[in-house]
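Note sheet for the following structure.
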Amino acid sequence: MHGKYAVIALLLAGLAALVSFLVRIESRRARPEPVRIVEPAATPVELTASREEAESAAAGARVLFRCAGDEFEHLTLTSNARGEKTESWQKLFVVGANLGVALPGRYPTEFAATRADYTRWLEQMGSAGINVVRVYTILPSEFYQALAEYDFEHSDRPVYLLQGIWAELPVSNNLFDPDYSNEIRREIRDAIDVVSGRAVLPSRPGSAAGAYSADVSVFTLGYVFGREWEPEAVEATDSANPAASRYDGVLVNVPRGSPTEVWLAGMLDFLVQYEAVTYGTQHPVAFVNWLPLDPMFHPSEYADRWRTRESDNDIVTVDPRSIQTTPALRAGYFAAYHVYPYYPDFVFLDSTYRSYRDPRGEPDNYAGYLSDLKRHHAGLPLLVAEFGVPSSRGNAHHITRSTK
């Protein structure tokens, strides 16, 4: 009898072991081992042309817009009474509008605007007297198609393009990171290909994609590279690359400057070389700057600084004047700033700006700052590439100190 129970127990144990084994097998089938996908290393984006080839391409490049002293100029074609055509440079005063990518109720990365939207907006811009539209990044192909069509149909009042080239900051905040710099060069290359109507961009999260066939280079005033560079990124870049104080480029150089200025010059040099060699064209170029990085000293940022400062907005500088161009860059170089009348605090705290009087004799701290900014960039066209005030219902910015 006891043997019978022993056999039964043995059978039950075996059955339990079999069930456990089958459960483990089924579990593995239900939850397969993850497959590791190793992405190939990004192909380096480099210029293959020699220095001599790049200089030769720049010398023969088409230039329709240029920087001349403190102003922009546009090459125009006119005819006299006998039908004889002549080319001449005409001054162009920029009256611009920024065009973002977000629509109400939609995420910016959706790029939800249609060609009809872009056409309507361009019509409205032209009717309002706007002659330049600035975009922050590459937009869908429908925008460039709409722009080309609008400008061909409105040759008497075209809306020119100021193409932005977006740049997220690297995780390390070191702009010289090789992978990051390669990615930025790819973004520059793509933007130029898009403007020239010769791009096919793959789908990427947060970016426009598709085939671009509309050549709007003849309607393009220039390129604005980058974003509002954060002071901490400038500090990190300058600290990590102390030896980078000079850049000897083909069309852009830095005789003496900070590492951040050297890096920016290298990217602009890549931009103008690539466009000249690949498409035989040149356009004016600039990098985005803003008030916390301007080249002026603001005493109000240091008065009672430990007690009142919100953040140090005068600790580092990126000076557009440190970047110079060679005669081969006939389209030229300009300074582009985002300038707000409410931030940083020194715009309305500095006594020089507070005491400034506009042509009507009225106090205008914003005009005071712009006058100071222009004085520090004499010889360069100064473009206020973005300005505005908050539209929130509540308080958008807390004044840290009384202005009285």
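The convex hull around the C-alpha trace of the range 44-386, projected and averaged over every direction, spans 20.3 square nanometres. Simple spin-label estimate for residue 117 and residue 153 gives 1.9 nm between the two label positions (7 Å along the Cα-to-Cβ direction from each Cα). Binning the C-alpha pair distances of the range 88-154 at 10 Å intervals from 0 yields a P(r) profile of 19, 51, 24, 5, 1 %, listed from the shortest bin outward. Placing +1 on the Cβ of every Lys and Arg and -1 on the Cβ of every Asp and Glu, with nothing else charged, gives the range 44-386 a dipole about its Cα centre of roughly 680 debye.
Considering only 90, 313, 226, the residue lying farthest towards the positive end of the dipole of the range 44-386 is 90, judged by Cα position with unit charges set on Cβ.
Based on other C-beta atoms within 10 Å, arrange 281, 260, 317, 48 from fewest to most. The partial results should precede the final answer.
Numbers: 281 21, 260 26, 317 18, 48 6.
The most exposed by this proxy come first: 48, 317, 281, 260.
Sorted ascending by nearby beta carbons within 10 Å, beginning with the fewest, 229, 89 become 89, 229. Each peptide in 216-226, 164-174 gets a packing score, the mean of other Cβ atoms within 10 Å over its residues, and the list from highest to lowest is 216-226, 164-174.
Note on the range 78-220: Kirkwood hydrodynamic radius from all Cα pairs is 16.8 Å, rounded to one decimal.
Can you sort 87, 232 so the residue with the fewest Cβ neighbours within 10 Å comes first? It would help to have the intermediate numbers written out before the result.
Values: 87 8, 232 13.
The most exposed by this proxy come first: 87, 232.
Roughly how many whole Å is it from the C-alpha centroid of the range 137-182 to that of the range 51-119? Distance between centres, Cα-based: 12 Å.
Electrostatic tally near residue 67: other residues with Cβ closer than 12 Å to its Cβ, Lys and Arg +1, Asp and Glu -1, net 0.
Projecting the Cα atoms of 299, 64, 192 onto the charge dipole of the range 44-386, computed from C-beta unit charges around the Cα centre, puts 64 farthest toward the positive end.
No value in this document is a laboratory result; all are computed from the given coordinates. Source: prediction; values computed, not measured. All Cβ positions, even for glycine, are placed from backbone atoms using ideal geometry, and neighbour counts span all protein chains on display.
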